[in-house]
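Peer 1: Can you read through this structure? Questions will come right after.
Every number in this text was worked out from the coordinates using simple rules, so none of it is lab data. Given the structure is predicted, the values throughout are model-derived calculations rather than measurements. Every residue, glycine among them, receives a Cβ derived from its backbone with ideal geometry; neighbour counts consider all protein chains shown.
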């Protein structure tokens with residue numbers, strides 16, 4: 001019978017020592033038609049294993065729903081790993097961090113009154129049991145012990161950075177074992193004494209996460225893991241980007257040198273990331289360590305394999321290092337070919353306020369509800385009320401995370417969590433006040449995991465507290481057919497050069513080369529969302545650093561491509577551009 005075990009000094013595959021050379025590749029960040037390509041390029045780098053998280057909220061966006069189809073087909077992804085002759089590590093959480101919305105935890109679960117977060121609280125554990133019931137059979141039947149690819153399964157994720165509830169960790173272990181996971185279980189924590197001490201269990205194999213000073217970090221891990229193989233479960237070879245900051249990069253030669261030290265010590269590794277991919281749709285997370293910073297749509301991560309699947313200088317540097325420790329295939333991935341270049345006239349326009357009746361059915365409230373209270377877990381939410389002539393200011397206690405404020409359809413200004421903007425002047429006339437609230441991504445790390453979204457607390461003017469509201473979440477993924485039909489039938493704009501005033505839905509059609517990657521550039525546009533042929537690609541924002549949106553080739557047709565852009569502020573001209581290469585923004589260098 002095939003086996004994978006943790007030996008006195010080494011991982012043992014069928015009794016023989018194995019140095020695990022793994023790369024992180026999240027199936028939920030890559031178009032499924034491209035999974036095989038990315039896995040193949042991992043093998044060409046010299047890796048023997050693919051690691052993936054499982055994002056609980058991606059599979060279960062609503063209570064009582066669990067999907068394993070399309071991009072959520074974890075079984076197919078693991079089968080493709082096996083077909084490439086590679087092994088797999090699965091990290092199903094329930095918490096994953098990963099710069100992913102809410103760290104993978106479903107917002108609907110954490111909105112449950114009294115529920116714990118990453119503790120042994122019964123309601124939380126009961127929900128995890130149901131999640132494991134749905135996902136672990138997919139993993140169990142693909143374990144190496146059953147002739148599949150899965151070598152290891154991780155319990156929780158960097159738990160020492162959050163808590164030290166050993167009963168919680170042991171409950172997860174018991175649930176996994178009860179659901180036929182018989183391969184080794186591991187934990188991972190950042191490579192310092194505090195977190196390694198809190199986050200593991202004596203009966204489980206500990207691994208560490210770090211991105212530099214490999215010899216020092218491995219020594220710290222060894223002090224907590226006296227026997228067995230050493231493993232860096234996340235070798236941070238790059239970093240993620242946040243809106244409004246620079247594009248993060250690391251030096252390929254420096255990263256390769258530390259990797260060489262790690263492998264020369266006989267340790268196993270998981271490159272985080274081997275290939276980052278994209279936070280498609282509304283899936284990005286956020287950090288808040290005093291300032292709220294949402295993660296960009298691109299999750300390129302400055303990884304060896306770029307967001308579009310192209311090898312980078314870091315790929316070459318890592319490949320040279322790996323060749324000193326393992327046989328590396330002679331085949332090399334092709335370099336990036338230039339993408340089609342074209343300008344597209346965005347000639348159909350529909351003011352967002354005119355589309356609101358087809359996007360939401362707001363309900364009446366006598367207080368400011370959170371978006372969690374109304375069961376709307378991501379995207380945009382309409383808060384509507386009436387203001388009077390003597391209402392000179394709108395002031396809210398807190399905004400999570402950003403809002404455009406309109407009076408009778410005309411923009412007045414913006415509220416922003418990141419900028420600390422919670423007060424806005426009103427013009428002193430009566431009318432309908434619409435607040436279009438954007439959830440920019442739920443916090444994925446630290447004590448603010450699970451916090452509700454929306455306008456928080458109360459709203460006041462100079463004379464009174466506003467208590468009468470109509471509130472409803474906007475249906476955006478996908479856009480309703482009624483909205484698309486209205487947009488398609490709108491009168492064409494007289495000139496593509498004419499500026500756009502937002503908030504506005506816009507549309508263009510174009511022909512191009514079928515089934516090849518494109519890079520969308522929206523210079524002069526403000527902030528919003530982009531759809532191509534019905535797929536929500538993600539967010540665009542002039543705050544940068546990202547200047548282009550990656551469009552996976554499988555989404556592109558030869559003719560009649562439909563581009564829809566929601567612009568919340570305005571654009572200098574009604575033109576969208578597709579450019580030859582990606583531009584992820586300025587760096588510190």
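Peer 1: For the ranges 277-284, 164-171, 395-402, 412-419, what's the packing order if you count other beta-carbon atoms within 10 Å of each residue, average per peptide, and put the highest first? Each step should come with its number before you reach the end.
Peer 2: Working: 277-284: 24.5, 164-171: 16.5, 395-402: 19.6, 412-419: 18.0.
Highest-to-lowest ranking by the protection proxy: 277-284, 395-402, 412-419, 164-171.
Peer 1: For the residue pair residue 66 and residue 264, what label-to-label distance in nm results when each label sits 7 Å from Cα along the Cα-to-beta-carbon direction?
Peer 2: Result for the modelled spin labels: 4.7 nm.
Peer 1: List the relative contact order of the chain as a percent without decimals, with contacts defined as Cα pairs under 8 Å and 6+ residues apart.
Peer 2: Value for the chain: 14 percent.
Peer 1: Need the full-extension length gain, residue 481 to residue 557, defined as separation in residues times 0.36 nm minus the C-alpha distance. One decimal, nm.
Peer 2: So the extension gain works out to 25.4 nm.
Peer 1: What ranking of 119, 366 emerges when the number of other C-beta atoms within 10 Å of each C-beta is taken as an exposure proxy, fewest first?
Peer 2: Fewest to most other Cβ atoms nearby, the residues stand as 366, 119.
Peer 1: How far is the Cα center of the stretch 532-563 from the Cα center of the stretch 482-514, in Å?
Peer 2: About 15 Å separates the Cα centre of the stretch 532-563 from the one of the stretch 482-514.
Peer 1: May I ask you to derive the FRET efficiency for residue 37 and residue 489 from their Cβ-Cβ distance with R0 = 41 Å, giving the value to the nearest 0.05?
Peer 2: 0.60
Peer 1: Using only helices, what value at 222 nm comes out for the chain when you add -39,500 (n - 2.57) per DSSP H run of length 4 or more and divide by the total residues, to the nearest 500 deg cm²/dmol?
Peer 2: On the way: 12 runs with 119 residues, N = 589.
Computed mean residue ellipticity for the chain: -6000 deg cm²/dmol.
Peer 1: Turning to a different aspect of this structure: Quick one: if you stick a label point 7 Å off each Cα along the C-beta vector at residue 523 and residue 83, how many nm between them?
Peer 2: A separation of 4.2 nm, rounded to one decimal place.
Peer 1: Residue separation times 0.36 nm, minus the C-alpha to C-alpha distance between residue 14 and residue 246: what's the value?
Peer 2: Additional length available on full extension: 78.9 nm.
Peer 1: Ranked by Cβ crowding within 10 angstrom, fewest neighbours first, how are 56, 531 ordered?
Peer 2: If I rank by nearby Cβ atoms, fewest first, I get 531, 56.
Peer 1: Take residue 119, project a point 7 Å from its Cα along the Cβ direction, then tell me which residues of the stretch 430-458 have their backbone nitrogen under 15 Å from it.
Peer 2: From the stretch 430-458, the list is 447-451.
Peer 1: Right, something else. If you stretched the chain out fully between residue 213 and residue 112, how much longer would it get, using 0.36 nm times the residue separation minus the C-alpha to C-alpha distance?
Peer 2: Working: separation 101, 0.36 × 101 = 36.36 nm, distance 4.23 nm.
Additional length available on full extension: 32.1 nm.
Peer 1: Still on this model: Once the Cβ-Cβ distance between residue 465 and residue 170 is put in as r, and R0 is 56 Å, what FRET efficiency do you end up with, to the nearest 0.05?
Peer 2: On the way: r = 48 Å, r/R0 = 0.86.
So, using R0 = 56 Å, E works out to roughly 0.70.
Peer 1: Under a crude label model (7 Å from the Cα following the beta-carbon direction), how far is residue 239 from residue 203 in nanometres?
Peer 2: Placing both labels 7 Å along Cα→Cβ, they lie 3.9 nm apart.
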